[in-house]
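Comments concern the structure below.
The values are calculated or read from the model by the stated rules, or taken from the named source; none is laboratory data. All values derive from a computational prediction rather than experimental measurement. Backbone-built Cβ (ideal geometry, glycine too); neighbour counts: all protein chains shown. Please note that ligands, DNA and RNA were not included when accessible areas were found on the heavy atoms of the full protein model with its side chains. Shrake-Rupley method; radii C 1.70, N 1.55, O 1.52, S 1.80 Å.
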Amino acid sequence: MIPGPGTVERVPREAVIRAWLARERESSGECGTDRSDREAFEALLESNPGAAAFLWRDAPHACYRLVLSRARFDRLHVVEGPAELRWGALSPDGTIRGCARRIDREDTRELARETGVDVPLIERLAEDPPTTEPLVLSTRRGAVPWHVADGNHRATAIALALWRGVAYEPVSAYLCVGANPVLEPFVQRLRGLAGCVRRRWDVSETQ
């Protein structure tokens, strides 16, 4: 469910892609160059093919810019992927908050070796939680979890700081709501059935 009026702004998918790509460029030290929308999309997929896969897999998308309440932030899930690898391996329950609780309890370097996630970076970021850059979130129509596609380190650092007693400062995000590959065929069949019933009704009415 998307939050109520006043907190949500509809944005083009291309705006989300360009904002995400700009962060990828910044982290890699790449100089920015002008790209068409298609070129920006391809560059993002090349730079981060796993996390960005939902942009083609669940297309088309409705995208929004919004501010997350504390309750919504606490329910964020890590990026979609195998439960036994990286972020899935770090979080016991699949949530960002679960990552933070585990980092707070266990050895930072051991967790990094076990999961492949840069846990020391998260610890450093938690000292001054990075709340200014929007996260990129993905979900599907009819699906409950909102997954962090871009910004898992930042989100976990914020959650870790909150777990340690820092006050919550509202976090902004882009939310991309995609088609549900399971529900869509069912919806199409229902529409086809409804059309068939209407046609039969129209025929019977003219006889």
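For the reader, a short list of remarks on this structure follows.
- Considering Asp128, Asp150, the condition of being open to solvent by less than 30 Å² (accessible area, probe 1.4 Å), modelled with pLDDT of 90 or more and either hydroxyl-bearing (Ser, Thr, Tyr) or more than 19 Å from Ala71 (Cα to Cα) (or both) is satisfied by Asp150 alone.
- Pair list, Cβ < 8 Å and 6+ apart or interchain, from segment 21-44 residues that are at pLDDT below 70 to residues that are surrounded by 10 or more Cβ atoms within 10 Å (Cβ to Cβ) and of a type in the set (Asp, Glu): Glu30/Glu24
- Residues (assigned to a helix (DSSP H, G or I) and either in contact with a Gly (Cβ under 7 Å, 6 or more places away or on another chain) or within 15 Å of Leu135 (Cβ to Cβ) (or both)) located in segment 56-92: Arg70, Arg72, Phe73, Asp74, Arg86, Trp87, Gly88
- Boolean, Val144 is in a strand (DSSP E or B) and β-branched (Val, Ile, Thr): no
- Yes/no for Glu39 being closer than 30 Å to Val166 by Cβ and out of contact with any helix residue (DSSP H, G or I) (no Cβ under 7 Å at 6 or more places or on another chain): no
- Scanning segment 94-107 for residues that are under 17 Å from Ile158 (Cβ atoms) and either assigned to a helix (DSSP H, G or I) or of a type in the set (A, V, I, L, M) (or both) yields Ile96, Arg97, Gly98, Cys99, Ala100, Arg101, Arg102, Ile103, Asp104.
Rundown of residues vs (1) without any contact (Cβ under 8 Å) to a residue 60 or more places away in the chain; (2) open to solvent by less than 30 Å² (accessible area, probe 1.4 Å); (3) among the basic types (Lys, Arg), yes/no style:
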position: Ser69; (1), (2), (3): no, no, no
position: Gly98; (1), (2), (3): yes, yes, no
position: Arg101; (1), (2), (3): no, no, yes
position: Leu111; (1), (2), (3): yes, yes, no
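- Flag for Asp58 being acidic (Asp, Glu) and buried (at least 17 other Cβ atoms within 10 Å of the Cβ): yes
- Test result for Pro134, surrounded by 15 or more Cβ atoms within 10 Å (Cβ to Cβ), in contact with a helix residue (DSSP H, G or I) (Cβ under 9 Å, 6 or more places away or on another chain) and modelled with pLDDT of 95 or more: yes
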